[in-house]
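Asker: Sending over a structure as structure tokens; questions will come in a sec.
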Amino acid sequence: MYIADEVQTGLRRTGEMWGWPGYGIQPDIFVSAKGISGGLYPISAACMTERCAAHIYTADGEELRCIVAHKVLEILQRPEVVAKVDAVTQLFADGLADIQRQNADIFGGIRQKGVILGLEFEHPKGAVHASRALYEHGVRAIIGRVSL
């Protein structure tokens, strides 16, 4: 059984509505939360195959949360929203390519899927400096480490 966690990667952050279809896979269950209500009303969702759903039962009367989430999903499928996500994705790609060219001694590489970015730094403190600068400009960045 495969469960896809789409809390951070779903809702067009990868450019598509969900991250998993771009990899040619079909999860048995995928979950989403936080942004599914557009930040208006706390809700999470678990979407699953019929085989998995046969073992689940819940009824807690949260119709309003579902209406809000349904509207957010409808908005995210509008052509103008899809076009805006594509434009922002390209803006990031172009801007970061320029930054990488100008700072090749510090800035090593870019991994991008939609508006989710992974930046690689050649300088040992590059991520710390970049994270601080981004934070000072209102952008949340998480420093990750990769072990081989």
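Asker: Any idea which of (1) exposed (fewer than 12 other Cβ atoms within 10 Å of the Cβ); (2) within 22 Å of R13 (Cα to Cα); (3) assigned by TED's automatic domain parsing to the domain that holds K34 is the one A69 doesn't satisfy?
Answerer: With respect to (1) exposed (fewer than 12 other Cβ atoms within 10 Å of the Cβ); (2) within 22 Å of R13 (Cα to Cα); (3) assigned by TED's automatic domain parsing to the domain that holds K34, A69 is out only on (1).
Asker: Okay, next question. Filter segment 2-60 down to residues that are surrounded by 15 or more Cβ atoms within 10 Å (Cβ to Cβ), of a type in the set (S, T, Y) and assigned to a strand (DSSP E or B), then give me how many there are.
Answerer: Going through segment 2-60 one residue at a time, the tally reaches 1.
Asker: Within segment 112-148, which residues are of a type in the set (S, T, Y) and assigned to a loop (DSSP other than H, G, I, E, B)?
Answerer: S147
Asker: Would you tally the residues in segment 78-103 being touching a residue at least 12 places away in the same chain (Cβ under 8 Å) and more than 14 Å from G15 (Cβ to Cβ)?
Answerer: 2
Asker: Here is a further query. Of the conditions (1) closer than 18 Å to D5 by Cα; (2) modelled with pLDDT under 90, P27 fails just one. Which one is it?
Answerer: With respect to (1) closer than 18 Å to D5 by Cα; (2) modelled with pLDDT under 90, P27 is out only on (2).
Asker: Mind telling me which of the residues D105, D86, D60, D98 ends up being at pLDDT below 85, acidic (D, E) and not assigned by TED's automatic domain parsing to the domain that holds F30?
Answerer: The conditions single out D105.
For (1) more than 16 Å from the chain's Cα centre (by Cα); (2) assigned by TED's automatic domain parsing to the domain that holds T89; (3) modelled with pLDDT of 85 or more, each residue gets a yes or a no:
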site	(1), (2), (3)
Q112	no, yes, yes
L119	no, yes, yes
A141	no, no, no
L148	yes, no, no
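Asker: Condition check: exposed (fewer than 13 other Cβ atoms within 10 Å of the Cβ) and assigned to a strand (DSSP E or B). Does G109 satisfy that?
Answerer: yes
The values are calculated or read from the model by the stated rules, or taken from the named source; none is laboratory data. The shown structure was predicted, so the numbers you read here are calculated from the model rather than taken from an experiment. Note that we place each Cβ from the backbone using ideal geometry, even for glycine, and neighbour counts take in every protein chain shown.
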